[in-house]
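Here's the structure we're looking at; comments come further down.
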Amino acid sequence: MARRETPEINAGSMADIAFLLLIFFLVTTTMDVTSGINRKLPEKPPKDAPPPPKIKERNIFEVNINRSNKLLVEGKEMHVSEIREAAMAFIDNGGGTVTDGKGKNDCTYCEGKRDPDSSDNPKKAIISLQNDRGTSYETYITVQNELVLAYSILRERYSMKVFGKSFDNLSKENQKKVKEAYPQIISEAEPTKS
């Protein structure tokens, strides 16, 4: 009696099938993409642009974050929870006058202390934020959020006072007027390398 040999399975095309399945899953699979922080960076000025105007020192609110995530605001150590109120007091100070082309107008809508050593007007108030390369993202984002929230609260208050409506319920034209009264001016300096 002759022995029967077991037929072999032809696996030559298995590699082709595996490759096709791999391509199929790569093409049809969607990847979750995390979006970054929504920040519009300033455009690089043209070479023939005029130099920036001189800024009075009192119109700059300096916020520094060190590598230990500690805040130094206007030369004084401050906790993150206090920065919003300090920024609002600086922006809304109304300590000086602003020229509108027709002469000088005091900030009639400002509700600040009118401290002559603080900002002249919300239109001139600049918040300068500088962090260290070792600063944690969490602290950096928290400080950013607090500063933006300071502007949002001031805009909301102004909107309710002038238009009797929440900022989000205003027309685009009235929102623009509110933003002109309280322009968000946050300058971010190059991180330090300590």
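Values in this text are rule-based calculations from the coordinates and carry no lab data. This structure is a prediction, so every number in the text was calculated from the model and none was measured. Because the Cβ atoms are built from the backbone with ideal geometry, glycine has one as well, and the counts that use them run over all protein chains shown.
Working from Cα positions, state the angle (0 to 90°, nearest 10) between the long axis of helix 14-28 and the longest principal axis of the chain. Between the helix axis and the principal axis of the chain, the angle is about 20 degrees.
Which entry is the computed percent of Cα pairs over 27 Å apart for this structure: (i) 31; (ii) 24; (iii) 50? Checked against the structure: label (iii). Overall shape: prolate for the range 103-153, with the ratio a/c of the largest to smallest alpha carbon gyration tensor axis at 1.5 or above and a/b above b/c.
Of the DSSP beta bridges with both residues in the range 57-150, give the percent that are antiparallel, rounding to the nearest 5. Looking only at bridges with both residues in the range 57-150, the antiparallel portion is about 60 percent.
Here's the list of aspartates and glutamates a cross-link from Lys172 could span, going by alpha-carbon distance under 20 Å and ignoring same-chain residues fewer than 8 apart: Glu156, Glu180. Here Asp32 and Glu138 are evaluated by their C-beta separation; at R0 = 25 Å the FRET efficiency comes out at 0.70. Enter the Cα centre distance for the pair the range 127-170 and the range 56-73, rounded to the nearest angstrom. So the two Cα centres are separated by 16 Å.
Going by average Cβ density within 10 Å per residue, which order do the peptides 181-193, 116-128 take, highest to lowest? The partial results should precede the final answer.
Details: 181-193: 15.0, 116-128: 19.5.
The packing order, highest mean first, is 116-128, 181-193.
Per the Debye formula on identical point scatterers at the alpha carbon atoms of the range 57-150, with no solvent, log10 I(q)/I(0) at q = 0.26 Å⁻¹ is -1.29.
Placing +1 on each Lys and Arg Cβ and -1 on each Asp and Glu Cβ, with no other charges, gives the chain a dipole about its Cα centre of roughly 560 debye.
Of the residues Phe19, Phe163, Phe90, the one that moves most in a GNM of the chain with alpha-carbon contacts below 10 Å is Phe19.
Rounded to the nearest 10 degrees, the angle from helix 137-163 to the longest Cα principal axis of the chain is 50 degrees.
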